1. Of 69, 24, 33, which is the most mobile in a GNM of the chain whose springs link Cα atoms less than 10 angstrom apart?
2. Report relative contact order for the chain in percent, whole number only (criteria: Cα-Cα under 8 Å, sequence separation at least 6).
3. Work out the FRET efficiency for residue 103 and residue 83 from their Cβ-Cβ distance, taking R0 = 25 Å, and round it to the nearest 0.05.
4. As a check on your grasp of the helix formula, calculate [θ] at 222 nm for the chain: sum -39500 (n - 2.57) over DSSP H runs of n ≥ 4, divide by the residue count, round to the nearest 500.
5. With a ≥ b ≥ c the root eigenvalues of the C-alpha gyration tensor of region 14-103, is it rounded (a/c under 1.5), prolate (a/b larger than b/c) or oblate?
6. Compute the separation of the alpha-carbon centres of region 22-53 and region 60-99 and state it in Å as a whole number.
7. If we count other beta carbons within 10 Å of each Cβ, what is the order of 30, 35, 76, 53, fewest first?
């Protein structure tokens, strides 16, 4: 199914994942919270996050995470589904996501 947006969703290839870009994306507490949540609830739609954050701000947070390579997004009807790219990230940076989730739980 094609994306709901006028431009396609950008997901970097596994070989192009950059540690500094990933860490920059995780520096924001909202984005860290999204990653921690997706670690335990894969396939969650955007509407399942942070009801107190403006939709435009949340959209930007998802874009930063997607473009850094932390999440993969796809559209199902009118919903945008999010999954953590844990397997790919574990191959590229072993143990990183487990550490992020461990340290991020309770902080985000």
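1. 24
2. Relative contact order for the chain comes out at 38 percent.
3. 0.75
4. -13500 deg cm²/dmol
5. prolate
6. Here the answer is 10 Å between Cα centres.
7. Sorted ascending by nearby Cβ count, the order is 76, 53, 30, 35.
The numbers here are math on the coordinates, done by the rules we state, and not lab data. What you see is a predicted model, and the numbers here were worked out from it, not measured in a lab. Positions of Cβ are generated from backbone atoms using ideal geometry, with glycine treated the same way; all protein chains shown enter the neighbour counts.
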